[in-house]
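Enquirer: Handing you this structure, nothing more for now.
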């Protein structure tokens, strides 16, 4: 999200809290960036690469983006997941398997990714597959 959009979001967030004497979690984009930069937990370093458009260029007036180079910044998802799983703050708060919960009236309760339909369907799909083909072993 751009810095100006972060500032606008914090302004809107603050405006919704004014009647309740609250304040947004960050004053502006600089405050948010400072918090992100000061976070020391985890060992996933930032990595980057440059990307450019590789397709054919129109003969007349190609848009600027087709000839520009863009930097992409990311952290290795495998390292991030290992950091989350190893973090003692999450002990007892992470669902490692899909779950379906229902309240007293029978209404489905959704809490996080693992309580959603996709995670449940993937687990059921694998279970049915293994039931139909028990001779297949995963290494």
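The values are calculated or read from the model by the stated rules, or taken from the named source; none is laboratory data. Because the structure is a prediction, the values reported are computed rather than measured. Ideal geometry is used to build each Cβ from the backbone, glycine not excepted, and the neighbour counts take in all protein chains shown.
Enquirer: In this structure, does residue 90 turn out to be within 30 Å of residue 125 (Cβ to Cβ) and assigned by TED's automatic domain parsing to the domain that holds residue 123?
Expert: no
Enquirer: Further question on the same structure: Any residue in the stretch 73-85 that is farther than 19 Å from residue 49 by Cα sitting within a Cβ distance under 9 Å of a residue that is loosely packed, with under 14 Cβ neighbours inside 10 Å? List the pairs, counting only those 6 or more apart or interchain.
Expert: What qualifies is 82/43; 83/41; 83/43; 84/90; 84/94; 85/94; 85/96.
Enquirer: Then there is this: Which condition number does residue 50 fail, the rest of (1) closer than 24 Å to residue 119 by Cβ; (2) in contact with a strand residue (DSSP E or B) (Cβ under 7 Å, 6 or more places away or on another chain) being met?
Expert: (1) is the only condition that residue 50 fails.
Enquirer: Then there is this: Let me spell it out: the conditions are (1) loosely packed, with under 10 Cβ neighbours inside 10 Å; (2) modelled with pLDDT of 90 or more, and residue 45 meets all of them except one. Which number is the exception?
Expert: (2)
Enquirer: Could you grab the pairs with beta carbons closer than 7 Å, sequence gap of 6+ or different chains, first residue in the stretch 11-39 and in the same structural domain as residue 1 (by TED's automatic domain parsing) and surrounded by fewer than 14 Cβ atoms within 10 Å (Cβ to Cβ), second one in a loop (DSSP other than H, G, I, E, B) and modelled with pLDDT under 85?
Expert: 17/23
Enquirer: Another one. For residues that are over 19 Å from the mean Cα position of the chain (by Cα) and assigned to a loop (DSSP other than H, G, I, E, B), scanning just the stretch 110-139, find the one that is modelled with the lowest pLDDT.
Expert: Here the answer is 139.
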